[in-house]
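One structure below.
The values are calculated or read from the model by the stated rules, or taken from the named source; none is laboratory data. These numbers were taken from a predicted model, which means no experiment stands behind them. Cβ atoms come from the backbone with ideal geometry, glycine included; neighbour counts cover every protein chain shown. Please note that ligands, DNA and RNA were not included when accessible areas were found on the heavy atoms of the full protein model with its side chains. Shrake-Rupley method; radii C 1.70, N 1.55, O 1.52, S 1.80 Å.
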Amino acid sequence: MVSLEAEQSDHEGGVAKRLWNKFKNERALALYSPYVVGLASGTLNPASFLHCISQDFYLLQAFARAYELAEEYADDDEDKEAIVKLRKRVLKRLRNQDTLISEWGFEPPKDHVCDDARAKYTEFLMETASGKVGGEKFAVKIVTPFEKTKLAAYTLSAISPCMRLYSFVSREIQALLDPDESKHIYKKWLNSLSSEKFEASASRIEDLLDKLSISLTGEELDVVERLYHRAMKLELEFIWSQSVVQQTIVPFSILHNSAEDNLISLCDFDLTCTAIDSSALLAELAIVAATNVSGSQLPGIPLSDIRTTWSNLFSQYVEEYQQCIESIMPNEACIDNSVQGMGLDYEGLCKALEQISEVEKRATSRVIHSNVLKGLNMADVKRAGEHLTFQDGCKRFFLDLVERKKSAADIHVLSFCWCGDLINSAFSSGKQNLLNVHSNNLVYEESISTGDMTKTMESPMDKLRVYNEITKSSENGGKPSTVYIGGSVGDLLCLLEADVGIVIGLSTSLKRLGNHFGISFVPLFSGLVSKQKELAETGSLSRNGRSNILYTVSNWDEIYAFILGAVDGHPVPPQR
């Protein structure tokens, strides 16, 4: 998504911009709702569209009343005038609503009622504008101009994210459309919400919020943030609650929820799920274990040199890996374009990955032969796993996925990690193993590691072999649908083989190697819009084997929304 990539620091700008950037992961969830995906693809049933925009009547009414109260609270004539102008624009939009709908090419709905999700937001806005936060009156006396100004700021903080959210959604959709596109049924509506006029309105609200917030205390700014966040979540809930008539690509788990077409989820572990690489964690555990054993010494290695030995092992691996990458792509700028023009060079990619695998294998062998993993206590390893830091939203995704499926039978982790016990304990947190883990394992004698390792997952080819074994054993009258989530070069073969290969946090080395061999990286939202068009046209998704397209996301909330539906309890709308 172009606009997400172009974001500046979360801490730059005024209050409105800071909050908009702070909640960028959540705002992106709007894009993965069945309603917005259908809207973007142009396949949304007009009845669903008309029902949704009929709710603008209640939204605009609430805006007008909130602005009226905010005007009373403002103590500055310039602020009052700005709020009056905002209110007049809202009232004008209310009067012209049917005309606008006709201009967009639709018959204005004659009868409509307020949705529960829309009512939740408008009630929240009116409570805020009336001087309530969290359902309770402020303890302070709202009598001085300063106190009234505070209420004006609170009111604007409950309106600002709604305007900005719709500007964001429309611009994200517009970025996917051909500038000369004229057949898209919702093109005129999108033009309206992504217009300079709409952008100016959203900016005026934000500028006014910034000005009204200047005199607020830190505690009061915290209230502004809570109100802003609550308003955004309620508007997201409204978007996700919109019922759609046709079958949609999202949530993907609902599309593939039958015995004939089961969904298998597969994932890498290190730096895809975790915030740190597990090898670094195991190295630190080994150093601590070695220095805590009185009089102990690894064969030929003084205790004072153990940390240096680990450092040298990692440095040698990094150096060899970089040299290998450079040898594969010596004249990258000249080669990339020609290779990509010919499509996916799968054979060339496999040969390159074999070279990289040799680097990985040599590094693992050096670790084993150095004996630096000797002396680890299994209990300490599992304890470290239980406290391992995950990427935000990752663990919740897998826990909820297991809960939805009532079983972990079709959820797999494929990892080069040296210790499967670490992975199992990281996901289970002391409970029974939740996922199927396929990785290497330390060898223990009486719960103490010997320094040796059972090597079963050392290369991308090993991962692909396990992937194929899993999918073949899961065939139940037909080929299962697969999603593979990864973030490293070692995941490339599985990513390409899956029906949907998702790259999280696109690394430089992965992007370079992928581009070199003709792999295209496409933002997930863009890919889903294309797949929604295909689903609407043919009634199914083509599964013609390996693709050269991989989909990128910036966080796990996007993956959650795509596969499971809305996050934080937002309802998944019915598909009739």
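With respect to (1) of a type in the set (Val, Ile, Thr); (2) part of a helix (DSSP H, G or I); (3) surrounded by fewer than 20 Cβ atoms within 10 Å (Cβ to Cβ), the lone exception for Ile185 is condition (2).
When region 228-249 is filtered for residues that are among the hydroxyl-bearing types (Ser, Thr, Tyr) and in a helix (DSSP H, G or I), the ones remaining, listed by number, are Tyr228, Ser241.
Quick check on Ser509: is it assigned to a helix (DSSP H, G or I), modelled with pLDDT of 95 or more and either farther than 17 Å from Cys350 by Cα or among the small types (Gly, Ala, Ser) (or both)? Against the criterion (assigned to a helix (DSSP H, G or I), modelled with pLDDT of 95 or more and either farther than 17 Å from Cys350 by Cα or among the small types (Gly, Ala, Ser) (or both)), Ser509 does not qualify.
Taking region 189-201 as the range and being under 15 Å from Glu103 (Cβ atoms) and either buried (at least 16 other Cβ atoms within 10 Å of the Cβ) or polar (S, T, N, Q) (or both) as the test, the residues that pass are Trp189, Leu190, Asn191, Ser192, Leu193, Ser195, Phe198. Of the residues making up region 361-386, those that are farther than 19 Å from Met457 by Cβ, within 37 Å of the chain's Cα centre (by Cα) and assigned to a helix (DSSP H, G or I) number 7.
Scanning region 393-406 for residues that are in a loop (DSSP other than H, G, I, E, B) and open to solvent by less than 50 Å² (accessible area, probe 1.4 Å) yields a single hit, Gly393.
Residue count for region 215-235, restricted to those that are within 16 Å of Phe23 (Cα to Cα), in contact (Cβ under 8 Å) with a residue 24 or more places away in the chain and either among the hydroxyl-bearing types (Ser, Thr, Tyr) or open to solvent by 20 Å² or more (accessible area, probe 1.4 Å) (or both): 7.
Within region 76-98, residues that are on the phi < 0 side of the Ramachandran plot have Cβ atoms under 8 Å from residues that are of a type outside the set (Lys, Arg) and part of a loop (DSSP other than H, G, I, E, B) in these pairs: Lys80/Ala74; Ile83/Ala74; Gln97/Pro108; Asp98/Pro108, counting only partners at least 6 apart in sequence or on another chain.
Look through Gly527, Gly477, Gly501, Gly490 and report the one residue that is at pLDDT 95 or above, more than 20 Å from the chain's Cα centre (by Cα) and either at positive phi or not in a loop (DSSP other than H, G, I, E, B) (or both).
Numbers: Gly527 fails: more than 20 Å from the chain's Cα centre (by Cα); Gly477 fails: at pLDDT 95 or above; Gly501 fails: more than 20 Å from the chain's Cα centre (by Cα).
Going through Gly527, Gly477, Gly501, Gly490 in turn, just one is at pLDDT 95 or above, more than 20 Å from the chain's Cα centre (by Cα) and either at positive phi or not in a loop (DSSP other than H, G, I, E, B) (or both): Gly490.
Return yes or no: is Ser449 touching a helix residue (DSSP H, G or I) at 6+ places or on another chain (Cβ under 6 Å) and either of a type in the set (S, T, N, Q) or within 24 Å of Leu349 (Cα to Cα) (or both)? So Ser449 does not fit the description; no.
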